[in-house]
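The values are calculated or read from the model by the stated rules, or taken from the named source; none is laboratory data. Quick caveat: nothing in here was measured; it's all calculated off a predicted structure. Neighbour counts run over all protein chains shown; Cβ positions are idealised from the backbone, glycine included. These accessible areas exclude ligands, DNA and RNA; they are computed on the full protein's heavy atoms, side chains included. Shrake-Rupley method; radii C 1.70, N 1.55, O 1.52, S 1.80 Å.
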Amino acid sequence: MNAITAPAAAAPDSAFPQETLSVRTVFISDVHLGTSGCQAEALLDFLRSVECETLYLVGDIVDGWQLQRRWFWPQAHNDVVQKVLRKARKGTRVIFVPGNHDEFARRYAGHAFGGIEVVEDCIHQTADGRRLWVMHGDLFDGVIQCACWLAHVGDGLYQLALRLNRMLNSARARLRLPYWSLSRYLKLKVKRAVSFINDFELAVIREARRRGVDGVVCGHIHHAELRVVDGLTYANDGDWVESLTALVEHADGRLEIIDWAEAMRRRTRRSPMAALPQPAGA
């Protein structure tokens, strides 16, 4: 699979679709359950395909902002929640680090619900001994911290871009063209957005260095990245609205970003029937 990896090479294709991907740790964030932009079916497909010792939910799993404006909760969103709870019941350690869109959960830090531990942030130690600071990342977003009302306006514009994206991809599907993210394209083409991503990464790394850890795992900016910055590991697990990505840790401590959209495309090319949705209880 054509995954983003650093510094080791990607895992072979045989590790993916139709087989269980067994890893030590999985990190996902920015699912935004409760919004029409959430790719819940794809996430459910991923969760069914992966087994791990620890699952980190790195914020913005549920979009409280959007749910306050308009209730939207289809069955697929409920299926994702049930799948996570089922993993917790079967022995996976599930750790929830709330973000700004599900900040209501921060008041419950230190508690556990249905086997899911809620924490403000935490340290994850990899199999090869590295200490990674796990946090959502909104504390490093000046807009969120200094002008929350502006962040809500920006969120509204982002939702508009996602609606346009759905219309565009409906047309592309009729033409048998693959999924393409308009919002992701705009984010990477607008100079100010690219500059914001770079500034965010540097700010996070500076704080990680101050805390004396070996790196950081975060989300928030919907931009999957895995690289070494000034000797520290910067890992952003991306999102399940635009990129459909997760960060995994293999048994030897190697980190890898999994591009599940690409995994599903490859599965479809090999066997069109394999891409059909499975029953909700799977």
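Scanning segment 123-143 for residues that are free of Cβ contacts under 8 Å to residues at least 60 places away in the same chain and not small (Gly, Ala, Ser) yields Gln125, Leu139, Val143.
The single condition among (1) modelled with pLDDT of 90 or more; (2) in contact with a helix residue (DSSP H, G or I) (Cβ under 9 Å, 6 or more places away or on another chain); (3) open to solvent by less than 60 Å² (accessible area, probe 1.4 Å) that His250 does not satisfy is (2).
Residue pairs whose Cβ atoms lie under 6 Å apart, sitting 6 or more positions apart in sequence or on different chains, and linking a residue in segment 89-115 that is in a helix (DSSP H, G or I) to a partner that is crowded, with 20+ Cβ neighbours inside 10 Å and of a type in the set (A, V, I, L, M, F, W, C), do not occur here. Applying a threshold of 6 Å to beta carbon distances and a minimum spacing of six or more residues, or different chains, the list of pairs starting in segment 43-62 at a residue that is without any contact (Cβ under 8 Å) to a residue 60 or more places away in the chain and within 10 Å of Val94 (Cα to Cα) and ending at one that is outside any helix (DSSP H, G or I) and open to solvent by 10 Å² or more (accessible area, probe 1.4 Å) reads Glu53/Arg24; Leu55/Thr92; Leu57/Phe96. Residue check: is Phe72 surrounded by 17 or more Cβ atoms within 10 Å (Cβ to Cβ), of a type outside the set (S, T, N, Q) and not in a strand (DSSP E or B)? No. Within segment 227-243, being aliphatic (A, V, I, L, M), open to solvent by 10 Å² or more (accessible area, probe 1.4 Å) and in contact (Cβ under 8 Å) with a residue 60 or more places away in the chain holds for one residue alone: Val228.
Checking Arg107, Arg131 one by one, the residue that is under 25 Å from Leu202 (Cα atoms), open to solvent by 70 Å² or more (accessible area, probe 1.4 Å) and modelled with pLDDT of 95 or more is Arg131 and no other.
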